[in-house]
Amino acid sequence: MKRILVCPVCKSKEIELDTGGYTGKYYCKNCGYIGSYVLEMTEGEYKELTEGEEIEKKKDDKMRPKGVRED
């Protein structure tokens, strides 16, 4: 089973080792995150994560009163 690395900030799969792996840190090409902490999961787990976030966002949009903007 193949494992993928996922950014803990933006949930992107565009993760690579920073400076050739010498620092032990990862770099996210999507949001610029640099750190030693990343999520490691299977493709199925990643799909569940992204689908769950979409459901939460839709739920939040329904709960927001009409005419109120989120800044």
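Bear in mind these aren't lab numbers, they're just calculated from the coordinates by the rules spelled out. From a predicted model like this one, the values you see are computed outputs, not experimental measurements. We place every Cβ from the backbone using ideal geometry, glycine too, and count neighbours over all the protein chains shown.
Yes or no, residue by residue, for (1) closer than 25 Å to M1 by Cβ; (2) in a helix (DSSP H, G or I); (3) under 12 Å from the mean Cα position of the chain (by Cα); (4) of a type in the set (D, E, K, R):
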| residue | (1), (2), (3), (4) |
| --- | --- |
| N30 | yes, no, yes, no |
| Y46 | yes, yes, yes, no |
| L49 | yes, yes, yes, no |
| E53 | yes, yes, yes, yes |
**Message:** Name the single residue that is surrounded by the fewest Cβ atoms within 10 Å (Cβ to Cβ) among those in region 4-28 being of a type in the set (D, E, K, R), within 22 Å of E54 (Cα to Cα) and free of Cβ contacts under 8 Å to residues at least 40 places away in the same chain.
**Reply:** E14
**Message:** Suppose we filter region 29-49 for residues that are of a type in the set (K, R) and surrounded by 12 or more Cβ atoms within 10 Å (Cβ to Cβ); how many remain?
**Reply:** 1
**Request:** State all residues of region 29-44 that are in contact (Cβ under 8 Å) with a residue 40 or more places away in the chain and not polar (S, T, N, Q); if no residue qualifies, say none.
**Result:** E43
